[in-house]
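Visitor: I am attaching a structure below and will ask some questions about it afterwards.
Here, each number is a calculation from the coordinates, and none is a lab measurement. Just so we're clear, the structure is a prediction, and the values are computed from it rather than from any experiment. Ideal geometry is used to build each Cβ from the backbone, glycine not excepted, and the neighbour counts take in all protein chains shown.
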Amino acid sequence: MSAPAPLPLLLSNLIAHADRQHGDTPVLSRRVEDPRGPLQRSNWRGVHGRARRFANALGSLGVRQGDRVATLAWNTHRHLELYYAISGSGAVCHTVNPRLYEAQLAWILNDSRARVLCFDLSFSELVAGLAPQLQHVEHFVLLSDEEHLPAAFPAPLRAYETLLAEHGDDYAWPLLDENSPAGLCYTSGTTGNPKGVLYSHRTTVLQVYSCALPDTFGLSARDVVMPVTPMYHVNGWGVPYIAALVGASLVLPGPLQDGPALLELINAERVTFSNGVPTLWSRLLDTLNETGTRIDSLRRLAVGGSTCPPALIDAYAARGIELRHCWGMTEVAPIGLISTPKADHEHLDPETRAARRDKQGRPLPGVVFRILDDDGRELPHDGTAFGELVVRAPWVVGNYFNRDSAPDFTADGWFRTGDVATIDPAGYVRITDRAKDVIKSGGEWISSIELENILLTHPAVQDAAAIAVAHPQWNERPLMAVVLRPGETLERDAMRAHFEGKVAKWWIPDDLVEVDKIPYTGTGKVSKRELREAHAGHQWPA
C-alpha cells in the first residue's frame, strides 16, 4: 500500500487553520456604509463561516473552478471573506484597482473574462458606468445589504448579505491541485495595457510562509495587524493571508486612510504592525507631530511601493517604531527584499549601520538576486558596482495571463526587474533607479532616488521627485520637482547648497521647479513619466 499524498499547499488551509487554532481571535473592520461608526467585530471562526457561505453562493451562481471572480473593494471584513471564498472554492480571486481610469478597468475586466464582479458601496456609480462595457460579467454583487442597493442599476444586482443568508456554511473546501490558479492581479505603471499576473495556491502559500518569518514581517499570534496596503494591490502584500497563518488579530481600516483615521484605529485597537507606502506613513507622522499624540503599541511598519526617505525612517525610530524598508513587484508575488538588520548590526559603525538600514534590504529565503552589466555579465556584490537587477524565486511569474508575450527573462532564466541596483557583501540591495528613470548625464548615471532622499531632508520641502530633462551639453541633467511646505520658499542656489558634501558635485541638480503636487500612480509610485512630459521643454539657467 502506497503512502498517502501530502496535503497540498492551499489557501483554504490557512483559514481552516485560523479557525481551528485561533477561532476566537478578533477580526475587526471599518464598515463602508458608515466608516466613522462602530467597527464590525468578528473573529477568525466567523470569517471562516461566512467565507464558506459565499463559496456555496458562488456555486449557486454557476461559478466553476478556474472562473475569475473580480473584486472592487477596500480592506474590509467582506473583502477578506471573498479572498478565501473565491480561491478556496477553486475560482480565481481577481482583485481590481479602483483608482485606475475607467477605460483601463473595463479593459482589465474584459481581458480577465470575469464572470462575477463584487464591489463596495463606494464604487456603485463607477460600476454602473462600467457595466454596459463588460462583456463577460454575468453577476453583479454589492458588498452590502438590501437596504443599500441603488434605486437604479443597469444590470441585475444582488446584495452580498442576502446571498449569504440564502446559503449555509456547510461547505467542504475542495482538495485542489496546489498549482491551480488562486489569484489574478494586473501590473501598473506599464506602457500599453496592464498585464495580468496569475498566482497559484502553491506560490502564494510559499510567499506567505516566507513573509511571516522573524526576519521578514516577524508576525505571530501575539500581534494585532492592520493591513493598509490595499487588498486590491498584489494581495495586500500577503498580509491578510499571513494573519490567518499565524493567528494574529486583524484590524481592517476600510476606506479611511488619512493620518487622523489611522492614528485613531492604531491606538484604539493597540495595533502592533502595519504596512503601506511612504506617503501614507509621512501623513501619519504629520498627524503625530501636529497633535502631539503618542503611539505606544506600534512596533513595526513595513514600507514599500516606492523608496522610503531615510529621514522618515529616522523620525519613526525616534518614536521607538521600526520601519522595515522592502521591495517587490507584481511579478515577484510581490515581496523580494526587506531591510531587517543582521546580528552584527549593533557592532557596525554608525555610517555603515545607517547605509544598510536605508537600503531596500536583503532577499527573503528562496529569493536570489544578481546584477548584470550592459553585456549581461554578472557584476560583483561589492556595494559599488551597479547594474540591471535580475531575480529568481519559487514564486516569480512564468507567463502573463491571456498574453502571447512572456515576462522578460535572461537566456538562463533570471527575471529582469527593470531596476538598477547595487548589492553589498552582506547581501543588502540598494535600488538606485528604475532603468527607465535613471538620469544619464555625460555618459554617467545619477540616482534620482538618492537625490530625492537628500532634498526631502530640507525643512522647506514636503515632497520631491528628480527627473531627467534633456540638456544641450550633458545629454540629460537632473531637475527637481518640489512641493513646498505652506509658507516656505526655496531658491535654486539654496537647493543646490543643500546637496553640497552629500553627493559628487556633478550629481547636484541644476535647477528646480515648484509644483502643486507630485503625481502618483494608483499604487503609490511617483509617475515620473507625467513629470517628464510636463517639463520636457524646461529652460536651463545659464
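Visitor: Quick one: if you stick a label point 7 Å off each Cα along the C-beta vector at Arg113 and Thr489, how many nm between them?
Guide: 6.3
Visitor: Tell me, in nm to one decimal, what length is gained between Trp506 and Ser527 on full extension, where the rule is 0.36 nm per residue of separation less the Cα-Cα distance?
Guide: Answer, rounded to one decimal: 5.1 nm.
Visitor: Can you run the Rg to Rh ratio on the range 11-204? Use alpha carbon positions and the Kirkwood inverse-distance Rh.
Guide: 0.95
Visitor: What label, among (1) 1.08; (2) 0.97; (3) 1.03, belongs to Rg/Rh (Cα atoms, Kirkwood Rh) computed from the structure on display?
Guide: Of the labelled values, this structure produces (2).
Visitor: Of all DSSP beta bridges located in the chain, what percent are antiparallel, nearest 5?
Guide: Restricted to the chain, the bridges split so that about 55 percent are antiparallel.
Visitor: His148 versus Arg496, label points 7 Å from Cα toward the beta carbon: distance in nm?
Guide: Going by the 7 Å Cα→Cβ label model, 5.6 nm.
Visitor: I would also like to ask the following. Please give, to one decimal in nm, the separation of the simple spin-label points placed at His538 and Asn399, each 7 Å out from Cα toward the Cβ.
Guide: Computed distance between label sites His538 and Asn399 equals 4.4 nm.
Visitor: Roughly how many Å is it from the Cα centre of the range 130-183 to that of the range 15-70, as a whole number?
Guide: After rounding, the separation between the Cα centres reads 13 Å.
Visitor: Relative to a virtual label point 7 Å from the Cα of Thr293 in the Cα→beta-carbon direction, which members of the range 248-277 show backbone nitrogen distances below 15 Å?
Guide: Residues 253, 256-272 qualify, since their backbone N sits under 15 Å from the label point.
Visitor: Right, here's the next one. Dividing the Cα radius of gyration by the Kirkwood radius, what Rg/Rh value follows for the range 354-467?
Guide: My calculation puts Rg/Rh at 1.01.
Visitor: Rounded to the nearest Å, what's the spacing between the alpha carbon centres of the range 281-320 and the range 365-412? Just the number, please.
Guide: So the two Cα centres are separated by 32 Å.
Visitor: By average Cβ neighbour count within 10 Å, what is the ranking of 491-501, 237-247 from highest down?
Guide: Result, highest mean Cβ count within 10 Å first: 237-247, 491-501.
Visitor: Sequence neighbours fewer than 8 away in the same chain don't count; with that in mind, list the lysines whose C-alpha is under 26 Å from Lys525.
Guide: Partners within reach: Lys195, Lys359, Lys436, Lys440, Lys502, Lys517.
Visitor: Tell me whether the range 439-534 comes out rounded, prolate or oblate; compute the Cα gyration tensor, take square roots of the eigenvalues as a ≥ b ≥ c, and use a/c under 1.5 as the rounded threshold.
Guide: Cα axes put the range 439-534 in the oblate bin.
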